[in-house]
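The values are calculated or read from the model by the stated rules, or taken from the named source; none is laboratory data. Computed from a predicted model, the values in this text were never measured in an experiment. No Cβ is skipped: glycine too gets one built from the backbone with ideal geometry, and neighbour counts run over all protein chains shown. These accessible areas exclude ligands, DNA and RNA; they are computed on the full protein's heavy atoms, side chains included. Shrake-Rupley method; radii C 1.70, N 1.55, O 1.52, S 1.80 Å.
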Amino acid sequence: MNTVTHRIVSTDEDGIRLDRWFKRHYPGLSFGAVSKILRTGQVRLDGKRVKPSDRIAEGQTIRIPPLDASATRPSAGREKRKGLSDDDIREIRSLVLYEDDLVIAINKPAGLATQGGPGITRHVDGLLDGLKRKNSDERPRLVHRLDKDTSGILLVARTASAAASLAASFKGRDAHKIYWALVMGVPTPPNGKILAPMEKLPGPMGERMVITDSGKPARTLYSVIENAGRKTAWLALKPMTGRTHQLRLHCAHIGHVIVGDGKYGGAEAFLGGQVSRKMHLHARTIRLPHPDGGMLEVTAPLPKHMQATWDMFSWDSTASDDPFEEA
């Protein structure tokens with residue numbers, strides 16, 4: 001590709017960042033290479049200089065400088081994830097709660113990572129080719145993340161423009177999320193808010209968040225739905241900010257660690273007996289603007305280990321009331 005080319009932004013690319021557009025069309029280019037050709041003005045959007053974070057619009061013209069042929073080749077990682085087995089496809093399809101032309105909602109099981117990382121070879125992102133439409137080359141893409149050990153609703157966009165729309169809803173706090181959790185003890189009062197700034201603490205044990213006055217603001221609403229004496233309680237949790245491990249750390253901060261969360265509760269995070277040692281945190285409901293207009297609301301049933309606990313305590317897992325409707 002030894003000549004300058006010009007490409008028109010398509011409808012499904014409307015609203016995405018320019019660096020993500022390059023990642024999609026020129027997967028062989030590293031982030032550094034993309035940044036360089038943008039920084040030096042070799043790329044133009046409707047004749048103007050642009051930054052990697054600038055968003056593009058349908059119908060705009062992108063000037064592409066001469067690039068090596070390898071720029072359009074998928075990276076080794078992308079080539080590997082093409083080869084899904086029939087079992088892989090059945091697995092990811094079995095998790096679908098809702099889908100339309102723009103959005104897919106899946107019920108992620110506890111223990112399955114959202115994306116890859118050190119020591120992680122199996123994850124939702126690596127299975128997304130199994131959700132592609134027939135005769136479509138466009139690969140669905142993740143919109144947000146859940147911790148590996150957290151179950152529940154995970155949204156996936158079918159197009160770049162849908163991804164940009166959903167991401168904007170999350171960033172603008174238009175996405176309303178309710179989680180269910182089982183915690184040690186029973187919070188007092190039964191309804192309240194947790195205000196505790198957080199920051200990441202580096203260390204050899206992996207990603208860990210801590211409460212600190214110098215951290216980023218973090219706010220969580222909680223409401224006790226049921227309790228088993230003073231031993232344990234079922235909470236509804238509503239994160240008003242989106243910090244890593246926010247719900248887990250906030251619950252531990254008020255002295256009511258989530259059952260199964262050994263990372264933030266140590267040995268005190270386990271009830272024993274018939275209660276599973278898996279983490280009892282579930283992304284139950286999400287409501288946000290649909291990219292095509294109107295509102296999208298999805299609810300995910302509990303995973304097996306949490307349902308078994310709810311059954312043991314004779315709690316109704318079909319409850320659908322929102323204790324935060326006026327929040």
May I ask you to list the residues in segment 51-66 that are part of a loop (DSSP other than H, G, I, E, B) and either at pLDDT below 85 or open to solvent by 20 Å² or more (accessible area, probe 1.4 Å) (or both)? Lys51, Pro52, Ser53, Asp54, Ala57, Glu58, Gly59, Gln60, Pro66
Kindly indicate which of Lys216, Lys231 is over 19 Å from Asp149 (Cβ atoms), at pLDDT below 95 and among the basic types (Lys, Arg). Lys216
Could you list, in sequence order, the residues of segment 1-48 that are open to solvent by 60 Å² or more (accessible area, probe 1.4 Å) and part of a helix (DSSP H, G or I)? Thr11, Arg20, Lys23, Arg24, Phe31, Lys36, Arg39
Test for Met184: is it under 30 Å from Asn227 (Cα atoms), aliphatic (A, V, I, L, M), modelled with pLDDT of 90 or more and in contact with a Gly (Cβ under 6 Å, 6 or more places away or on another chain): no
Tell me whether segment 251-263 contains one or more residues that are within 30 Å of Asp100 (Cβ to Cβ) and at pLDDT 95 or above. no
Within segment 234-251, can one find any residue that is of a type outside the set (A, V, I, L, M), within 24 Å of Lys304 (Cβ to Cβ) and in a strand (DSSP E or B)? yes
Hits in segment 217-231 - residues which are part of a strand (DSSP E or B) and closer than 13 Å to His250 by Cα: Arg219, Thr220, Leu221, Tyr222
Among the candidates Lys193, Lys177, which residue alone is among the basic types (Lys, Arg), open to solvent by 30 Å² or more (accessible area, probe 1.4 Å) and under 30 Å from Gly15 (Cα atoms)? Lys177
Taking segment 89-120 only, how many residues are acidic (Asp, Glu) and either part of a strand (DSSP E or B) or surrounded by 15 or more Cβ atoms within 10 Å (Cβ to Cβ) (or both)? 2
Residue within segment 198-215 that is of a type in the set (Val, Ile, Thr), open to solvent by 30 Å² or more (accessible area, probe 1.4 Å) and not in a loop (DSSP other than H, G, I, E, B) present: yes
Selected residue (criterion: surrounded by the most Cβ atoms within 10 Å (Cβ to Cβ)) from residues of segment 278-327 that are in a helix (DSSP H, G or I) and over 22 Å from the mean Cα position of the chain (by Cα): Thr309
Pairs, please: C-beta under 7 Å, at least 6 apart or cross-chain, first residue acidic (Asp, Glu) and in segment 175-201, second open to solvent by less than 40 Å² (accessible area, probe 1.4 Å) and part of a loop (DSSP other than H, G, I, E, B)? Glu199/Thr212; Glu199/Gly215
Here is a list: Gly260, Gly255. Which entry is crowded, with 16+ Cβ neighbours inside 10 Å and in contact (Cβ under 8 Å) with a residue 60 or more places away in the chain? Gly260
